[in-house]
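Accompanying notes for the structure given below.
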Amino acid sequence: MKKEMAKTYDPTAVEDRLYAMWLERGYFRAEADTSKKPFTIVMPPPNITGQLHMGHAFDCTLQDILIRWKRMDGYNALWIPGTDHASISTEVRIVNKMAEEGLTKADVGRDGFLKRAWEWREEYGGRILKQLRKFGSSCDWSRERFTMDEGLSKAVLEVFVRLYDKGLIYRGEKLINWCPKCRTTISDAEVNHVDRESWFYYFKYPIEGTDEFLTFATTRPETMLGDTAVAVNPNDERYAKFVGKAAVMPVTGVKMPVIADEYVDMEFGTGVVKITPAHDPNDFEVGERHNLKRVNIMNDDGTINENGGAYAGMDRYEAREKIVSDFEKLGLFMRKEEIRNAVGVHERCQTVVEPLIKLQWFVKMDRLAKPAIEAYTSKKLRIIPERFGKIYLNWLENIRDWCVSRQLWWGHRIPAYYCECGFTVVSRERPEKCPECGGSALTQDDDTLDTWFSSALWPFSTLGWPDETPELKCFYPTDVLVTSYDIIFFWVVRMVFSGIEHMGEQPFKDVFIHGLIRDSLGRKMSKSLDNGVDPLEVIEKHGADALRLTIVTGNSPGADSRYYPEKVEASGHFLNKLWNASRFVLMNVGDDDVEKPGELTPADKWILSKANALITKTNAHMNAYELGMAVSGIHDFIWDEYCDWYIEMVKVRLRDDETKSAALWTLKRALTIALKLLHPYMPFITEEIFQSLRPEEESLMISAWPRYDENFNFPKEEKEIELIKEAVRGVRALRSDMNAPPSKKVHVTVVSKNRETRRVFEDGRAFFAMLAAASDVEIVSEKSAEGCVTIVVPDAVVYMSAAELTDREAEIKRLEKEREKLAFEVTRVKGMLGNEGFVKKAPAALIKEQEEKMGKYSSMLDSVEAQIKSLRLNAP
RNA sequence: GGAGGCAUAGCUCAGUUGGGAGAGCGUUCGCCUGACGCGCGAAAGGUCACAGGUUCGAGCCCUGUUGUCUCCACCA
């Protein structure tokens, strides 16, 4: 039965209906069935902090394209969705929300806080999952996971205990990054370095037992309260005599040794460095080498503690000013200079990070990093595009131990239990008794783990690890990880070493990196600029297909792109075009007249051959993750070849022509191929059309990906049709020049001495006449050019007996322009062929091609010249 | 300080083995052509940042320069 298609396409109604249908029919579901080759993607879990933005739409679209493609191509395609608890971001938001009610964490307590956090997760996590569906994401919802659900928490626990048992996790007093605002440690990856204008302050410390001084410079005078040495370079003759003596910090009276250490750069500043082991990473190392005392002078909120004596209680910056003025009074402050230096800030809140010594949990990185480096250098792990591989390597090669404990409540609590006797137990379950003293007064560590600790396990924890599930066996390792370049360090690197360590195999083969979607001015979309575009609003207005198409079109891997409303509109135009072309096909295709092709005409063969080639081209692009190029190829096929040419060519045959059934069959076949290739990019509209076009089939989504078919390769017909197209274009251009409206039909004569060429035009006569707005077409071997305007194409000249169309001078001008163009081409090709080097070295096929062009262009040039001559001769 | 990206039509961007410069939007002209005016047809518009080099041939490869953006980094 013929299905009617609505006059206009309404995405909003269609999309929800189709998504529900797919869902209900279980198309998204993948079983752990090894009879089909698996193809697996795990979705980078969005944070439950709020709602999805354009970046998510981009990320999901790319993954969905790959998954839908592979599913159609016969793979057992699994895409696992989920969400991330995002410990610090979520906790900060909950704290802020509580603050609006006048509550603090202390007021509600740990349990009360967690209750609120889980409520948050229900609300926002749920909203996010709904949004993912709106994108058209074909993920297996039955396998949806959350980083803090039971199974994943079990995996986290298991990993922590195993790493501890292997000695790869330890607790130690080390210099860590401290955020005084969030009051928690953060990892190196969470610190951003930003260049800021600041001051370089010069002070001097008196040297005990002399009346001399050592002058040094610092950007952080407040840390002088924690100074425990002054260092100079061992080769620095200027200061050699001071080494071994003691410097005095005048305001606190602290005495500290003057030491010699290679770390000091003689050229920089005064060549003297104050050493604060408790508040600077370099100084910490110097301190280790020289056994210096570490004096922590700071509280968790960034104020000075009791070790700061008179400065205790002051904010760090207040203390900075006070030190300067106090030294000034003592005559020991020399001067300050403006300097640009990089300060570390917390990436979430931009607060200046304070290096502090604290007792924290660390993952030992050197052993874990090695195989992750090896995975890449041995090419087992592919990063696309390649340049991001350097970033990956650079990070791993310079990695330091990963501080994983956080002073937060929302997250996986560290499974370490401390006994009164001082013994520490790390275990999967809370121990009843202390194995050391037998006491039962064990308290669990208050801290939770870095949120990335759990996401690092995502590719296998989501498949059921540590249990040996069939899913794990079937789907691990996954095939490709799709993510943006900004979380290579946070996530990609950590997943790789975690997968290798715990699964014995890297978690994915390919990493497909994409860029960011920026606003129309090229700025990052952000809350503070309020320039974010809500993908759901776009979908509301234009549909998910239009958004998806917009996002991938013209994007090359790893590149950022800008969002413009105009782009979505352009995508909408394409949907409209596709919809209407399909409607046209449906209007003409009946039930009984489509299955018998009959004899295919050259035009049919031409479009089928083009469609065939499109399959190959699309596969090649998609295999290389060139999704932007793939989709533009499909777009161009549909719009330029199928709509603008084939449909127009075919119209004349759709009444009572003997080739009607061939035309209908071809219309349908070519459209079907295009719909299939396009489906991963625009799943909804293609499915909707397919349901009407092929009601006998269940669904486009689960139909077979098209394959190249040698039986539909027609190079000869391709050339023939291109010739007619060229003639049509020529006639149209001429008519446009002459201001002849299409309604003004003109007698057209095609002249060619070549019988084969005449046959080509005979075959295409009907549509040629229509497309060229001819009243009738005559095809002959010879004709006088008198009173005619002409179009020269390879091997033929098209005459129009249209004295009334033209004025002679304009026509001569047009032909002269044409002659110039052809002459240029002839000269160019002649130059190439006359070039000894070219003829000697260029590939034979290319030479042949150029030789053919030479023949073609020079004969066309001759024809044009003949036309000009004849026009001049016949001048009145 | 190190690493990398980008520089192509008025705007936003494609251009993958080096072999006649492309798209979308915008602009101009024409069109009530049997799906589509969210359309059709025809056009205008580019020393592919600059300077060298390799090559028979460079938008594409190499070197340098300029501009711009980004990432990494413990010079106090």
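Of note:
- Considering only residues in the stretch A:603-617 that are within 12 Å of A:P715 (Cβ to Cβ) and in contact with an Asp or Glu (Cβ under 8 Å, 6 or more places away or on another chain), the one that is surrounded by the fewest Cβ atoms within 10 Å (Cβ to Cβ) turns out to be A:S609.
- Checking each residue in the stretch A:545-567 for being within 9 Å of RNA strand B (Cβ to nearest atom) and of a type in the set (D, E, K, R) picks out A:D560, A:R562, A:E566, A:K567.
- Set side by side, the residues A:E222, A:E197, A:E208, A:E212 differ, and just one is touching an Asp or Glu at 6+ places or on another chain (Cβ under 7 Å) and either of a type in the set (D, E) or near RNA strand B (Cβ under 10 Å from one of its atoms) (or both), which is A:E197.
- Condition check for A:A86: of a type in the set (G, A, S) and at negative phi: no
- Residue within the stretch A:405-412 that is in a strand (DSSP E or B), in contact with a Pro (Cβ under 6 Å, 6 or more places away or on another chain) and either of a type in the set (K, R) or farther than 19 Å from A:L152 by Cβ (or both) present: no
- For the stretch A:477-490, the condition holds for at least one residue, the condition being that it is within 14 Å of RNA strand B (Cβ to nearest atom), surrounded by fewer than 21 Cβ atoms within 10 Å (Cβ to Cβ) and of a type in the set (G, A, S).
- Which numbered condition A:A342 misses (of (1) over 23 Å from A:M256 (Cβ atoms); (2) outside any helix (DSSP H, G or I); (3) out of contact with any His (no Cβ under 7 Å at 6 or more places or on another chain)): (3)
- Any hit, the stretch A:787-798, residues being within 12 Å of RNA strand B (Cβ to nearest atom) and part of a strand (DSSP E or B): yes
- When A:L654 is tested against (1) crowded, with 20+ Cβ neighbours inside 10 Å; (2) among the hydrophobic types (A, V, I, L, M, F, W, C); (3) modelled with pLDDT under 95, only condition (1) is not met.
- Just one of the listed residues (A:A30, A:A6, A:A77, A:A20) is buried (at least 19 other Cβ atoms within 10 Å of the Cβ), out of contact with any Ser or Thr (no Cβ under 7 Å at 6 or more places or on another chain) and either at pLDDT below 95 or not in a loop (DSSP other than H, G, I, E, B) (or both), namely A:A77.
Residue-wise test of (1) within 10 Å of RNA strand B (Cβ to nearest atom); (2) assigned to a helix (DSSP H, G or I); (3) at negative phi.
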| residue | (1), (2), (3) |
| --- | --- |
| A:L600 | no, no, yes |
| A:A603 | no, yes, yes |
| A:M629 | yes, yes, yes |
| A:S632 | yes, yes, yes |
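- Some residue of the stretch A:740-759 being within 14 Å of RNA strand B (Cβ to nearest atom), within 50 Å of the chain's Cα centre (by Cα) and closer than 28 Å to A:E852 by Cα: no
- Residue list for the stretch A:840-862, restricted to those being more than 19 Å from A:P794 (Cα to Cα) and either among the small types (G, A, S) or crowded, with 17+ Cβ neighbours inside 10 Å (or both): A:A842, A:A844, A:A845
- Taken residue by residue, the stretch A:390-401 has no member that is away from RNA strand B (no atom under 16 Å from the Cβ) and assigned to a loop (DSSP other than H, G, I, E, B).
The values are calculated or read from the model by the stated rules, or taken from the named source; none is laboratory data. None of the values given here were measured: they were computed from a predicted structure. All Cβ positions, even for glycine, are placed from backbone atoms using ideal geometry, and neighbour counts span all protein chains on display.
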